[in-house]
Every structure is written in C-alpha cells, then in structure tokens.
1. Does any residue in the range 47-62 that is within 16 Å of D12 (Cα to Cα) come within less than 6 Å, Cβ to Cβ, of a residue that is surrounded by fewer than 18 Cβ atoms within 10 Å (Cβ to Cβ) six or more places away or on a different chain, and which pairs are these?
2. Which one of these is within 24 Å of V172 (Cα to Cα), surrounded by 19 or more Cβ atoms within 10 Å (Cβ to Cβ), at pLDDT below 95 and polar (S, T, N, Q): T58, T68?
3. Does the range 15-26 contain at least one residue that is acidic (D, E) and in contact (Cβ under 8 Å) with a residue 12 or more places away in the chain?
4. Here are some conditions: (1) buried (at least 18 other Cβ atoms within 10 Å of the Cβ); (2) over 18 Å from V228 (Cβ atoms). V172 meets all but one. Which one does it not meet?
5. Among the residues of the range 136-149, is there at least one that is touching a residue at least 40 places away in the same chain (Cβ under 8 Å), under 20 Å from A221 (Cβ atoms), surrounded by 13 or more Cβ atoms within 10 Å (Cβ to Cβ) and β-branched (V, I, T)?
6. State whether the residues of the range 104-121 include one that is aromatic (F, W, Y), over 25 Å from E236 (Cα atoms) and in contact (Cβ under 8 Å) with a residue 12 or more places away in the chain.
7. Would you confirm, using the coordinates I've provided, whether V192 is at pLDDT 95 or above, of a type in the set (A, V, I, L, M) and more than 24 Å from R148 (Cα to Cα)?
Amino acid sequence: MATRRAYRVAYDGRPYFGFQRQPDVPTVEDTLLDALRALDVLAHDADTPAGYAAAGRTDRGVSAVRQTVAFDAPEWLTPRAFSSELPAGVRVWAAADVSADFHATHDAARRTYRYHLHAPEADRDRARDAAAALSGEHDVHNLTSDPRGPKTRRDLSVSVAPAGDEFLTLTVAAGGFPREFVRRLATVLRGVAVGDTGLDRIDEVLGDGTLSGAEGVGPAAPEPLVLVDVAYPGVEFEPDPEAIEPLREVFSERRVDALARGRVFDDVLAAASE
C-alpha cells in the first residue's frame, strides 16, 4: 500500500541543466524519476508517480541540500533504497510521512537559498547595509526574467556574513522566488559591497520603473548558489543513517577534489607571477 511521503534530496547541480525535466538534456528531476522506474515504483510508460510534486525548480548548475519531492510511495522506499539507483552526486537522505493531500510545491511555507559570493575587496558594512535595504516586501520585477505581476512581489529576508577573507555568504529567504532572482540579487549586493555602485542603486532596482539594457541587472554565476532549506510547518523529516553516510563520503570526496584543483590553479598563478 502506498502512502504519501516527502523526501529530502541533496545534489551537486553542476552536471545538470536545472532541476525540472527538459527534453534531451540531463536534469535532476529526470534522474529521480529514472531511479523510481528502475525500482519499479514508477511504470516505464508513466510520467510521474501519483501525487508527485517538487518544492521548486533550481536553475542549471545550482545545487541543493533540502530540495523536496513528495508522492505516493511504497513503505519499503526508504531514502537509502531511493538512493540505490541514483548517481553519486544526487542523494536522498531523509523522509517524512505526510497527509494524503500534501503538495511539495504549494505547502512549502519558506524557501531559503545561500549564495557564496566571491568579493575579497568588499566593504562588510556596505554589504550589511545593502542586505538590510533589500529585506522587506518589494516588487522585484527588475531582478527576474519573469513578467511583472503578483508573483514578483515578495517579502524577503536578506542577510550577509563574512566567510573568510575572500567570500561573503548571502542568505535569502522568502515564500517563493521568481526565475534567477537570487543570482540577480547577488549581482546588486556585490556591486554595492565593492563600491561599484551606491546604496541608491537598490532604490533604483526596487523602484517602479523597468530597467533594461545597460541599466538592467544580470544574473551572477549559478554554481555558488544552493537551495539550503524548504520549510513545511508540522512536517518532521527523519534522516536515514544508512543514506547519510554515503552522502558524507560522496560530498567529502568532491570537497577534497575542489580543494586540490584550487592548489593546481595556485601553481599556475604563481608561475605566471614569476
């Protein structure tokens, strides 16, 4: 007998063309659905399981810690079992039994993204002032490619914190986000923090006028962005210890690989400076 269950999914988004299914390119959602077919949870001629929905769509190259999918699942489909048919960079690590009418998209109360912003020359006070000015309820039509409308009006919580000498950690939370929003917000905040623009740039971006061309705001790179949380009031996710350990191994190895590549690039830069 199937029960509606929600699953937490972590993934390295760099190899994928975003979360949502697309024809002819690899996506995280296709990977999840292929795993369910391999496990005979989903018929090979079916698009999705009964009740299926996801918390949101991450862009190409964006990663996640707590992306959430929910559907009617058999009792034996633990996070470990789900992950058994997934590639290493996509891990299901926690689950919760939910009500029969639970919807992973519509029932999400708050989504939180984090952007690791490389800004070694940033003035931290200016960065905090920018985050404060961006917080609150605003129409963010100049920070998305979506058309202006009710969905571009958002109540935002924006904070920034130093992370070592070279990075700022930008955290943004809201009920939902229009397309490319956090990446464009990162562009604005960095511009203020490094002194390329003044705080009045934020008033301009959040104003009623439509900015385009050279006055518009382009998105920052997707790879430093991660979906860190999706909040569902009253839902308690239980981590699966047998799924957590493989997750730690996979992402620890990727972290070491990234650090090693950085040392290689340091050697190249050192040689170029001789």
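The values are calculated or read from the model by the stated rules, or taken from the named source; none is laboratory data. As the structure is a computational prediction, the values presented were derived from the model and not from experiment. Using ideal geometry, Cβ is built from the backbone for each residue, glycine included, and neighbour counts are taken over all protein chains shown.
1. Short answer, once both residue conditions are applied: R57/Q20; R60/F17; G61/R14; G61/E223.
2. On the way: T68 fails: at pLDDT below 95.
So the residue among T58, T68 that is within 24 Å of V172 (Cα to Cα), surrounded by 19 or more Cβ atoms within 10 Å (Cβ to Cβ), at pLDDT below 95 and polar (S, T, N, Q) is T58.
3. Step one: of the range 15-26, the residues acidic (D, E) are 24.
Then keep just the ones that are in contact (Cβ under 8 Å) with a residue 12 or more places away in the chain; that gives none.
No; the residues of the range 15-26 include none that is acidic (D, E) and in contact (Cβ under 8 Å) with a residue 12 or more places away in the chain.
4. Only one criterion in (1) buried (at least 18 other Cβ atoms within 10 Å of the Cβ); (2) over 18 Å from V228 (Cβ atoms) is unmet by V172, namely (2).
5. Keep residues of the range 136-149 that are touching a residue at least 40 places away in the same chain (Cβ under 8 Å), which gives 138-144, 148.
Restricting the remaining residues to those that are under 20 Å from A221 (Cβ atoms) gives 140, 142-144.
Checking which are surrounded by 13 or more Cβ atoms within 10 Å (Cβ to Cβ) leaves us with 140, 142-144.
In the following step, the residues that additionally are β-branched (V, I, T) were identified as 140, 144.
Yes, the conditions are met somewhere in the range 136-149.
6. Initial filter on the range 104-121 (aromatic (F, W, Y)): 113, 115.
Now drop any that are not over 25 Å from E236 (Cα atoms), which leaves 115.
From the residues that got through so far, the ones that are in contact (Cβ under 8 Å) with a residue 12 or more places away in the chain too are 115.
Yes, some residue in the range 104-121 is aromatic (F, W, Y), over 25 Å from E236 (Cα atoms) and in contact (Cβ under 8 Å) with a residue 12 or more places away in the chain.
7. Details: at pLDDT 95 or above: no; of a type in the set (A, V, I, L, M): yes; more than 24 Å from R148 (Cα to Cα): yes.
No; evaluated as a whole, the condition is false for this residue.
Conditions (1) among the charged types (D, E, K, R); (2) assigned by TED's automatic domain parsing to the domain that holds G164; (3) not in a helix (DSSP H, G or I), marked per residue:
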| residue | (1), (2), (3) |
| --- | --- |
| P87 | no, no, yes |
| R91 | yes, no, yes |
| S99 | no, no, yes |
| H103 | no, no, yes |
| R114 | yes, yes, yes |
| L117 | no, yes, yes |
| P120 | no, yes, yes |
